[in-house]
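A quick write-up on the structure given underneath.
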Amino acid sequence: MASYLIHAVPQRMWYVNEYLIPSLKAQGISDESIRVWLDDKKEGNLRACMHAFESCEGDGGTWHLQDDVCVCKNFKIITESIDFGLVCGFSSERYDGPG
C-alpha cells in the first residue's frame, strides 16, 4: 500500500482540503495513507521539503505531491503498481500528445 505526503502552504490549504484530498479518497486511498506537510512556519520550499523528507525516513516509500496538483482518475492504481526506487512524475498538456 502506498502512502502520500502533500507538501503545502497555508494559502493553498483550501485546495488541498476541498479538492486534492477528496480526489485521493474517492479512489479508495485511506486517511491513514495521506499526510500533509504544511509550511506554516514559512521555512521556504527547500527547507520545508528537506524536513518533509526527513519525516519519511525508513517508511518504505512515499509519494510526494505538491499542493497544486490534479491527480488522474487511476492515480491510486498507478502509484500502487510502481515499486522501484525514486520516481519523478510530471505531466503537462504541452507534453501530452503526438510529438
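The values are calculated or read from the model by the stated rules, or taken from the named source; none is laboratory data. This is a predicted model, so every value here is computed, not measured. With ideal geometry, Cβ positions are generated from the backbone for all residues, glycine too; neighbour counts draw on all protein chains shown. All accessible areas refer to the heavy atoms of the entire protein, side chains included, with ligands and DNA or RNA removed. Shrake-Rupley method; radii C 1.70, N 1.55, O 1.52, S 1.80 Å.
Numbers below:
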item	result
Qualifying residue in region 67-83 (condition: modelled with pLDDT under 90, aliphatic (A, V, I, L, M), out of contact with any Cys (no Cβ under 9 Å at 6 or more places or on another chain) and not in a loop (DSSP other than H, G, I, E, B))	no
Residue that is most open to solvent (accessible area, probe 1.4 Å) [pool: residues in region 13-43 that are on the phi < 0 side of the Ramachandran plot and at pLDDT below 90]	41
